Amino acid sequence: MLLGACAPQQQVASCAAPLKPAVEVDLFYGAVGDAEWASYLAEEVTPRFPDGLTAVDAAGQWRSPAGTISRERSKLLILIVFDTPAHVPKVQAMIDAYLKRFHQQAVLHTEHSVCAG
């Protein structure tokens, strides 16, 4: 299962220089070990988004399909992209790889327009 949001249909109308219109992609991942996370970043994320990213440790909570509330360590991956909509298949490939590699049920994916530089 993938929880997500479609790419924004509109960019920010105007950005004050030196900022430019961009999209912030936020991916919320369930917990895996530190070595596994580092490997995932190196093999799946960095090759697709070599210009930079931010990964934050977080405390997550979600309801399983069975209705059980689960709390776990989680990761928030933040990407700022200027190549919209070219980023969409790259993000989806990262999500698919994570779900398969770590046998996870979901990655929460949100996107919104921002000014960045």
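Does region 57-77 hold any residues that are small (Gly, Ala, Ser) and part of a strand (DSSP E or B), and which are they?
In the first step, residues of region 57-77 are kept if they are small (Gly, Ala, Ser); the result is 58-60, 64, 66-67, 70, 74.
Matches in region 57-77: 58, 59, 60, 70, 74.
Go through (1) modelled with pLDDT under 95; (2) touching a strand residue (DSSP E or B) at 6+ places or on another chain (Cβ under 7 Å) and name the single condition residue 79 misses.
Against the list (1) modelled with pLDDT under 95; (2) touching a strand residue (DSSP E or B) at 6+ places or on another chain (Cβ under 7 Å), residue 79 comes up short only on (1).
Residues to consider are 32, 88, 23; find the one that is within 16 Å of the chain's Cα centre (by Cα) and in a strand (DSSP E or B). Outline the logic, then answer.
On the way: 32 fails: in a strand (DSSP E or B); 88 fails: in a strand (DSSP E or B).
Answer to the selection: 23.
Mind checking which residues of region 39-97 are touching a Phe, Trp or Tyr at 6+ places or on another chain (Cβ under 6 Å) and basic (Lys, Arg)?
Once the filter is applied, which keeps residues that are touching a Phe, Trp or Tyr at 6+ places or on another chain (Cβ under 6 Å) and basic (Lys, Arg), region 39-97 yields only 75.
Which residue pairs have Cβ atoms closer than 8 Å, lie 6 or more positions apart in sequence or on different chains, and pair a first residue in region 100-115 that is modelled with pLDDT under 95 with a second residue that is assigned to a strand (DSSP E or B) and surrounded by fewer than 16 Cβ atoms within 10 Å (Cβ to Cβ)?
Pairs that qualify, where the first residue is modelled with pLDDT under 95 and the partner is assigned to a strand (DSSP E or B) and surrounded by fewer than 16 Cβ atoms within 10 Å (Cβ to Cβ), are 106/3.
Restrict the check to region 72-87 and report whether at least one residue is under 23 Å from residue 15 (Cβ atoms) and free of Cβ contacts under 8 Å to residues at least 24 places away in the same chain. Let's see the steps before the verdict.
The first filter runs over region 72-87 and keeps only residues under 23 Å from residue 15 (Cβ atoms), leaving 78-87.
Add one more test, that the residue is free of Cβ contacts under 8 Å to residues at least 24 places away in the same chain, and what stays is 83, 86.
Taking every residue of region 72-87 in turn, at least one turns out to be under 23 Å from residue 15 (Cβ atoms) and free of Cβ contacts under 8 Å to residues at least 24 places away in the same chain.
Would you confirm, using the coordinates I've provided, whether residue 88 is of a type in the set (Val, Ile, Thr) and touching a strand residue (DSSP E or B) at 6+ places or on another chain (Cβ under 8 Å)?
When the stated conditions are applied, residue 88 does not pass them.
Take the residues in region 92-114 that are of a type in the set (S, T, N, Q) and in a strand (DSSP E or B); name whichever of them is surrounded by the fewest Cβ atoms within 10 Å (Cβ to Cβ). Steps first, please.
Step one: of region 92-114, the residues of a type in the set (S, T, N, Q) are 92, 104-105, 110, 113.
With in a strand (DSSP E or B) added as a condition, the list becomes 110, 113.
Values: 110: 12, 113: 18.
The extreme case among them is 110.
Every residue in region 34-91 that is under 19 Å from residue 105 (Cα atoms), of a type in the set (Gly, Ala, Ser) and surrounded by 10 or more Cβ atoms within 10 Å (Cβ to Cβ), please.
58, 60, 64, 70, 74
The values are calculated or read from the model by the stated rules, or taken from the named source; none is laboratory data. In this text, all values refer to a predicted model and were calculated from it rather than measured experimentally. Cβ: placed from backbone, ideal geometry, glycine included. Neighbour counts: every protein chain shown.
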